[in-house]
Amino acid sequence: MWDLIVFIIVGLIAGWVAGLIMKGRGLGVLGDIVVGILGALVGGYLFRQLGVATGGFLGSIITAIIGAAILLFIIGLIKRPGDNV
């Protein structure tokens with residue numbers, strides 16, 4: 001149960017920080033959690049492919065932030081002007 005709560009908190013922090021880094025591309029609390037969690041998966045995959053090891057709570061947050069920022073960048077490329085997503 002605690003693992004799920006920590007996972008959600010990491011996702012929220014990562015999504016929020018990535019939204020700030022990407023200049024206001026945050027998606028609200030729920031959207032930030034989803035982007036942060038997906039970002040953690042993306043970042044974890046990329047770091048494993050590059051042979052970069054991260055550990056602990058701080059390493060998880062950094063990995064998730066980098067992955068979420070990449071995800072927000074891709075969303076920004078796909079999103080058309082005037083879309084509300």
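Quick rundown of the values:
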| item | result |
| --- | --- |
| Estimated dipole of the chain in Debye, rounded to 20 [Cβ of Lys and Arg +1, of Asp and Glu -1, Cα centre] | 260 debye |
| Residue 78-residue 1 FRET efficiency (beta carbon distance; Förster radius 35 Å; 0.05 resolution) | 0.50 |
| Most to least packed among 50-60, 28-38 [average Cβ atoms within 10 Å] | 28-38, 50-60 |
| Computed [θ] at 222 nm, deg cm²/dmol, the chain (DSSP H ≥ 4; -39,500 (n - 2.57); rounded to nearest 500) | -27000 deg cm²/dmol |
| Cα-based equivalent ellipsoid, the stretch 2-76: semi-axes from gyration tensor eigenvalues, Å | 18, 15, 9 |
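A short reminder: the numbers here are calculations on the coordinates, not readings from a lab. Small disclaimer: the values here were computed from a predicted structure and weren't measured. Note that each Cβ is placed from the backbone with ideal geometry, even for glycine, and that neighbours are counted across all protein chains shown.
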